[in-house]
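The values are calculated or read from the model by the stated rules, or taken from the named source; none is laboratory data. All values reported here derive from a predicted model rather than from experimental measurement. We place every Cβ from the backbone using ideal geometry, glycine too, and count neighbours over all the protein chains shown.
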Amino acid sequence: MSAASELVSTPLGELRLDASEVGLTAIHFPSERAQAATRHHSNPILDHAKRELAAYFQQGLTRFTVPLDWQGTPFQQAVWQALKLIPYGETVSYRDIALTIGRPRSARPVGGAIGRNPLPIIVPCHRVIGSDRSLTGFSGGLWIKERLLNLEGGLPLA
């Protein structure tokens, strides 16, 4: 099985999913530079991701099981693993993630790693908010972050 991409329609617009032979490698939001999605052949990882995303947007899935294949530094991977621990419908701060990975003074670098998360939604970076409970940057745009938090019932009150 070779690398493949596919477009999937969601309430957020058309997302591009990329997968390797090992797992899902990226999710691209509609606002990102569009590249044509090609499907080399049937890809069970893309099929799995599409089923889970559809269930998530219908509020029938709170935890993803699709295999992931992300590439990043050890620090980024530690941050991304910590993101996976944030429960559905809850939010945490950048400082909380820094504490989780044992780097309490690294809130800013944590923010940088979160901004490079290649698998938003599935690795729920939208659940990270400012320490003052405000919505902060999001690769797909704050309107997407707000919609995802509303979907999960976790929109913070600032």
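Key figures for this structure:
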| quantity | calculated |
| --- | --- |
| Some residue of the range 80-88 being out of contact with any Pro (no Cβ under 7 Å at 6 or more places or on another chain), among the basic types (Lys, Arg), surrounded by 19 or more Cβ atoms within 10 Å (Cβ to Cβ) and within 23 Å of Gln58 (Cα to Cα) | no |
| Complete set of residues in the range 119-148 that are of a type outside the set (Lys, Arg), surrounded by fewer than 22 Cβ atoms within 10 Å (Cβ to Cβ) and over 18 Å from Ala82 (Cβ atoms) | Asp132, Ser134, Leu135, Gly141, Leu142, Trp143, Ile144, Glu146 |
| Residue satisfying all of: in the range 53-76; in a helix (DSSP H, G or I) and either at pLDDT below 95 or under 13 Å from the mean Cα position of the chain (by Cα) (or both); surrounded by the most Cβ atoms within 10 Å (Cβ to Cβ) among these | Leu53 |
| Gly111, sole failed condition from (1) assigned by TED's automatic domain parsing to the domain that holds Arg147; (2) modelled with pLDDT under 95; (3) crowded, with 16+ Cβ neighbours inside 10 Å; (4) in a loop (DSSP other than H, G, I, E, B) | (4) |
